[in-house]
Structures are given as C-alpha cells and as structure tokens.
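The values are calculated or read from the model by the stated rules, or taken from the named source; none is laboratory data. Everything quoted here is computed from the prediction, not taken from an experiment. Here the Cβ is made from the backbone with ideal geometry for all residues, glycine too, and neighbour counts use every protein chain on show. In case anyone asks, the SASA skips ligands and DNA or RNA and just uses the protein heavy atoms, side chains included. Shrake-Rupley method; radii C 1.70, N 1.55, O 1.52, S 1.80 Å.
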Amino acid sequence: MIRPRYFTLALAAVLGGAVLSFADARERYLQWEVHDKDRPQPPIVDPGYAGTQDKPGKAPSDAVVLFDGTSTDALHNGKGEPVGWEIREDGALVRGRGDAFTKQSFGDIQLHVEWRIPESQAGRSSQQRGNSGIFFMNKYEIQVLDNKDNKTYPDGMAGSVYGQFPPMVNAGRGIGKWQSYDIIFRRPHFNEEGSLKQPATVTVLHNGVVVQDNQVLMGPTRHKARTQYGKHADKLPIRFQNHGEEVHYRNIWARELPPRDE
Ligand code: MG
C-alpha cells in the first residue's frame, strides 16, 4: 500500500524537520512498493573525474564551481572586493592578502577541494607548516595543515574539526603533494528564540579516507576556548583561511544538498 505523502510531511513538521529518525525513514520506505517501477528516477549527473598529482579533477555537472584554475570570480575578500589571492600557471590558487570568501552562501552542502602545502613550508613545524582552513558558514573550521611528519595537537591536525575533534586517522600525503577533501556539512538548526534545535554535523574524507563520520559539532570554531552555539542565518559563505603561511588550492566545487527530511 502506498502511504500518502502528506503523512510524512506532517511527521517531519512535528519532529522539527531537521532530524531523520527511523520513523521518518520507515514512512518514506513504505511510500513505494519494493522495486516499484513508478518510483521517480534520480536526476542524471555527469560525475566529472578526480584530480591527480599532475592534473586537477573536473566538477560534477550539477556542482557550483567555486574555483577551476582560471578565475577567482566566485570569491571575494570579505568586503565585496576582488580576492587578494593569485592564480599560478599550474592553476593553483595561492594564499595572498586576507581570507578568501565565496560570494555565494551555503547551508547543507557537499564540498570538494584539493589543496597542497608547498615546499616553502618544509622547515616549519606544528601549526606553522602551511596552516589554512575551510570555514563552513564562515564559522566551522576543518583544518588544513601538513601533518605527515609534523606533530601538533590532535584537535588541530589536518582533517580535524579545529579545537574539537581529531581526525580518526592521519591520511596526509605530505609536503608538495596535492591532497583532497570531500566534505558533507550539515548546518545547525535553531529554535525561534535562539536555542539549538539540531547541531551541525560533518563527514570528511581526506584523500578518500574517512576521518570524520557524521561528527556532531559543539559550536563555531574557537582558538584555545570551549565553544557554544549562537543562532545564525541558514546560509552563509565558505571562508578559506589566511593564517600567514603559503597554501595552494585548486578544483573547488560545492553541491547544495536537500534537507535531510526530503
Ligand atoms: Mg587553520
């Protein structure tokens, strides 16, 4: 029997729309017969391809391209002016003046980014070896750093939720090598009066290896301090951190994800 769609929508509304529980999933499951041929086909997406050490990858056809090696038009410096970062001949975006912000704002997304800590950072140690970071919603940082042979505090390593949770493993390739992050970020939800309804979560694959698995975030990134949530907008820009050390980025794209209850 096919259950009416409105029943699921009503249930999601009762639950607040942010959490996908077993009950939600079961209602969706029961809407269709098993192997129902009338069930809608998913949209077709050209998946592009992964980057190699010699060549950047190509974004999926339904992605928002944030940097493809040719233009910084999708970025700005935080004041609406052109970003102060340079494009190298090999298509790498190199840290320059200030941070780099996306012009577009995002909430729930899949983000792909390739990054490299160049040879110029080889003599540096701990947090000074090519430190950068990807701040989702301009608030929640996934650390960028070379930690292949470079010990630092675990909650500040590459692949960490900075200041909160270390990566499960150290999957770094090391100095001079292109590395990839594939990240699924789910935004936090807030109640009308500002209290937390549902925390942000993040899943991170570093060079294809899972280092964060649907990790619940404690709040925005803080340095040497405990954090807590404060209500903010549903969509905000992504920020690429300028920590003062040289870092290279390439092939940056995002796919906006539907809310979990859809
Ligand atoms: Mg950082």
Principal-axis tilt of helix 5-15 within the chain, Cα atoms, nearest 10 degrees:
60 degrees
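Please work out whether segment 62-213 counts as rounded, prolate or oblate from its C-alpha gyration tensor, where a ≥ b ≥ c are the square roots of the eigenvalues and a/c under 1.5 means rounded, while otherwise a/b larger than b/c means prolate and anything else oblate? Don't jump to the answer; show the numbers that get you there.
On the way: a/c = 1.75, a/b = 1.13, b/c = 1.55.
Judged from the Cα gyration tensor, segment 62-213 comes out oblate (a/c at least 1.5, b/c at or above a/b).
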Would you check the accessible area of Leu257, probe 1.4 Å, heavy atoms only, in square angstrom rounded to 10?
40 Å²
Shape verdict for the chain, please, from the Cα gyration tensor: rounded (a/c under 1.5), prolate (a/b greater than b/c) or oblate.
prolate
Cα gyration tensor of segment 118-168, axes a ≥ b ≥ c as square roots of the eigenvalues: rounded (a/c below 1.5), prolate (a/b > b/c) or oblate?
oblate
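Is it possible to state the helix-based mean residue ellipticity at 222 nm for the chain, with each DSSP H run of 4+ residues giving -39500 (n - 2.57), the sum divided by total residues, to the nearest 500 deg cm²/dmol? What is it?
Values: 2 runs with 20 residues, N = 262.
Taking each H run of at least 4 residues, the total per residue is -2000 deg cm²/dmol.
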Have a look at Ser120, Ala23, Ser195 and report the one farthest towards the positive end of the charge dipole of the chain, computed about the Cα centre with Cβ charges (Lys/Arg +1, Asp/Glu -1).
Ser195
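With a 1.4 Å probe and all protein chains kept in place, how do Trp115, Trp32 rank by accessible area, largest first? Walk me through the numbers on the way to the answer.
Numbers: Trp115 0, Trp32 75 Å².
Output order, biggest surface exposure first: Trp32, Trp115.
Rolling a 1.4 Å sphere over the protein heavy atoms, what is the accessible area per residue of segment 42-256, to the nearest Å²? Please list the in-between numbers first.
Working: 10070 Å² over 215 residues.
Averaged over the residues of segment 42-256, the accessible area is 47 Å².
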What accessible area, in Å² to the nearest ten, does a 1.4 Å probe give for Lys103?
130 Å²
As a test of reading the structure, rank Val169, Val34, Val64 by solvent-accessible area (1.4 Å probe, protein chains only), most first.
Val34, Val169, Val64
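Could you compute the net charge surrounding Pro47? Neighbours are other residues with a C-beta less than 14 Å from the C-beta of Pro47; K and R count +1, D and E count -1. Before the final figure, lay out each step's value.
On the way: positive: Lys58, Arg255; negative: Asp46, Asp62, Asp182.
Net local charge, Pro47 excluded: -1.
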Cut-off under 5 Å, modelled amide H: who pairs with Val144 long-range:
Ser132, Gly133, Ile134
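On the protein heavy atoms, probe 1.4 angstrom, tell me the percent of accessible surface of the chain carried by carbon and sulfur.
Numbers: 7170 of 13770 Å².
Carbon with sulfur: 52 percent of the solvent-accessible area.
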How do Leu196, Leu75 stack up against each other in accessible area, from largest to smallest, with a 1.4 angstrom probe?
Leu196, Leu75
